[in-house]
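Enquirer: Input: one structure, supplied below.
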Amino acid sequence: MLLAVDRYWRCPNCSEVAVTRRADPHTQYHPCRGLRGLNAPMVPAGTDAKVEAVPWGDMLHGELVQRDGEGRPTSAIRTERADGSNDITVLAPSARLNWKEDR
């Protein structure tokens with residue numbers, strides 16, 4: 001049996017902090033004011049890391065993409081740690097289908 005432990009989280013882009021109590025591996029997310037409202041991962045308290053939005057690098061062709069609070073399309077959120085490791089949260093686009101025209 002795994003025991004739940006308190007995990008302390010912080011956001012390097014805003015003042016948000018959190019505590020979770022779960023036994024499973026997880027990452028805490030929050031709508032980040034520093035990233036203009038994007039749902040961004042927090043890092044364990046005491047971790048030297050930066051979290052940044054990756055702008056959409058291609059033309060939009062009708063896909064529904066994640067946009068920040070200022071309307072800029074975003075493709076991912078990257079977490080880079082001081083030790084060189086990184087994680088990427090991909091914000092995959094959604095396609096649109098017009099049932100009457102595309103049949």
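Enquirer: Given the criteria surrounded by 11 or more Cβ atoms within 10 Å (Cβ to Cβ) and without any contact (Cβ under 8 Å) to a residue 24 or more places away in the chain, does N86 qualify?
Expert: Working: surrounded by 11 or more Cβ atoms within 10 Å (Cβ to Cβ): yes; without any contact (Cβ under 8 Å) to a residue 24 or more places away in the chain: yes.
Yes.
Enquirer: Is it true that some residue in the range 27-38 is basic (K, R), part of a strand (DSSP E or B) and either out of contact with any Ser or Thr (no Cβ under 8 Å at 6 or more places or on another chain) or touching a residue at least 12 places away in the same chain (Cβ under 8 Å) (or both)? Break it down stepwise before answering.
Expert: Of all residues in the range 27-38, those basic (K, R) come to 33, 36.
Pick out the ones that are also part of a strand (DSSP E or B) and you get none.
Checked against the condition, which is being basic (K, R), part of a strand (DSSP E or B) and either out of contact with any Ser or Thr (no Cβ under 8 Å at 6 or more places or on another chain) or touching a residue at least 12 places away in the same chain (Cβ under 8 Å) (or both), the range 27-38 yields no hits at all.
Enquirer: Out of V5, V19, V54, report the one residue that is exposed (fewer than 10 other Cβ atoms within 10 Å of the Cβ) and either hydrophobic (A, V, I, L, M, F, W, C) or touching a His at 6+ places or on another chain (Cβ under 8 Å) (or both). Full working, then the answer.
Expert: Working: V19 fails: exposed (fewer than 10 other Cβ atoms within 10 Å of the Cβ); V54 fails: exposed (fewer than 10 other Cβ atoms within 10 Å of the Cβ).
Unique residue meeting the criteria: V5.
Enquirer: Can you tell me how many residues in the range 68-93 are among the hydrophobic types (A, V, I, L, M, F, W, C) and within 11 Å of L38 (Cα to Cα)?
Expert: Number of matching residues: 3.
Enquirer: Go through the residues of the range 57-67 one by one and say whether even a single one is closer than 18 Å to R33 by Cβ and not polar (S, T, N, Q). Working first, answer last.
Expert: Kept after step one, since they are closer than 18 Å to R33 by Cβ, are these residues of the range 57-67: 66-67.
With the extra rule that they be not polar (S, T, N, Q), the set shrinks to 67.
Yes, the range 57-67 contains at least one residue that is closer than 18 Å to R33 by Cβ and not polar (S, T, N, Q).
Enquirer: On to the next question. Q66 passes all but one of (1) of a type in the set (S, T, N, Q); (2) at pLDDT 95 or above; (3) surrounded by 16 or more Cβ atoms within 10 Å (Cβ to Cβ); which number fails?
Expert: For Q66, the failing item is (2).
Enquirer: Is there any pair with a first residue in the range 54-71 that is touching a residue at least 24 places away in the same chain (Cβ under 8 Å) and a second that is of a type in the set (G, A, S) and in a loop (DSSP other than H, G, I, E, B) whose Cβ atoms are under 8 Å apart and which are 6 or more apart or on different chains, and what are they?
Expert: Within 8 Å, the pairs are G62/A95; E63/A95; L64/A95; D68/G37; G69/G37.
The values are calculated or read from the model by the stated rules, or taken from the named source; none is laboratory data. Remember, it's a predicted structure, so these values are computed and weren't measured experimentally. FYI the Cβ positions are ideal-geometry reconstructions off the backbone, even for glycines, and counts take in every protein chain you see.
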